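The values are calculated or read from the model by the stated rules, or taken from the named source; none is laboratory data. All figures in this text were calculated on a predicted structure; none of them were measured in a lab. Reconstructed Cβ throughout: ideal geometry from the backbone, glycine too, with neighbour counts over all protein chains shown.
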Amino acid sequence: MKRQPVDIPSCSNCENNNSIFCCLPDGELDKLSINKDNNFFKKGQVIFYEGNHPHGMYCIYKGKVKISKLGDEGKEQIVRFAGEGELLGYRSSLSNESYKATATAMEDCYICHIPKDKFSNVLDNNSNFSLEIIKLLSSDLKKSEQSLINISQKPVRERIAETLLNLKKRFGYEEDSKTLSMILTRREIGDIAGTTTETTIRTLSDFVKEGSVNLDGKKIQILDFNKLVRTANIF
């Protein structure tokens with residue numbers, strides 16, 4: 001896969017204030033900038049494949065990425081999404097194991113790649129950064145455990161409503177302040193909620209009738225946020 005160089009600022013001048021690298025001093029950020037590669041991935045292009053061995057980790061400068069795994073029958077299952085400032089492939093880099101999932105650009109993405117040895121050097125030399133990585137690992141584990149509980153215990157309506165709320169929390173709205181900025185197929189929404197495409201379509205239609213959402217092709221507008229929160233049974 002040919003990666004074209006793109007104009008991404010140095011780590012010390014990065015606009016993603018939510019990046020885990022923000023805790024590093026300028027000297028460490030400069031070291032990362034010297035050694036990182038700047039890449040552009042078109043919508044639909046794979047960033048790394050499940051089963052491949054990592055040569056480093058990725059940080060999203062701009063764009064949205066889906067992380068998915070293949071089931072026993074070759075069916076894709078979306079695990080999570082990642083947005084600006086988030087890391088990709090860092091767990092495989094830390095454990096020196098193959099990627100456990102595939103990362104695919106959901107839209108045109110600008111992504112930095114940091115070699116594994118440089119990433120390890122920063123961990124070894126900065127205790128604050130090591131602590132932030134531990135917190136990130138803990139947060140990922142907590143989300144995975146909560147997802148398992150939701151799929152096993154929550155009704156489908158609640159899971160789909162919570163999926164829409166999580167998309168809003170993660171990626172926000174478009175300029176109209178009601179349309180989710182992440183555009184997904186009904187199958188992709190069903191994957192996240194742990195249900196079938198047919199059930200997802202029926203449930204979204206019910207939400208439309210109840211006045212909590214509106215559908216405009218693949219775009220979803222949240223019309224009544226509080227009603228959707230009640231449907232998701234979130235307090």
One residue from I220, I183, I192 being in contact with an Asp or Glu (Cβ under 9 Å, 6 or more places away or on another chain) and not polar (S, T, N, Q):
I183
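Regarding R202, is this residue at pLDDT below 95 and either part of a helix (DSSP H, G or I) or out of contact with any Leu (no Cβ under 8 Å at 6 or more places or on another chain) (or both)? Break it down stepwise before answering.
Details: at pLDDT below 95: no; either part of a helix (DSSP H, G or I) or out of contact with any Leu (no Cβ under 8 Å at 6 or more places or on another chain) (or both): yes.
Taking the combined requirement at face value, the residue does not satisfy it.
Confirm whether Y99 is hydroxyl-bearing (S, T, Y), touching a strand residue (DSSP E or B) at 6+ places or on another chain (Cβ under 9 Å) and under 24 Å from Y173 (Cβ atoms).
Values: hydroxyl-bearing (S, T, Y): yes; touching a strand residue (DSSP E or B) at 6+ places or on another chain (Cβ under 9 Å): yes; under 24 Å from Y173 (Cβ atoms): no.
So Y99 fails the test.
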Can you tell me which residue in the range 174-190 is surrounded by the most Cβ atoms within 10 Å (Cβ to Cβ), limited to those that are within 19 Å of T231 (Cα to Cα) and among the charged types (D, E, K, R)?
R186
Quick check, is D140 over 21 Å from the mean Cα position of the chain (by Cα), outside any strand (DSSP E or B) and not assigned by TED's automatic domain parsing to the domain that holds L228?
no
Residue by residue through the range 20-56, note down the ones that are surrounded by 19 or more Cβ atoms within 10 Å (Cβ to Cβ) and closer than 24 Å to I192 by Cα.
F41, I47, F48
Name the single residue, out of those in the range 149-173 being in contact (Cβ under 8 Å) with a residue 12 or more places away in the chain and charged (D, E, K, R), that is surrounded by the most Cβ atoms within 10 Å (Cβ to Cβ).
R159
Could you tell me how many of the residues in the range 24-71 are of a type outside the set (A, V, I, L, M, F, W, C), farther than 13 Å from S10 by Cα and part of a strand (DSSP E or B)?
7
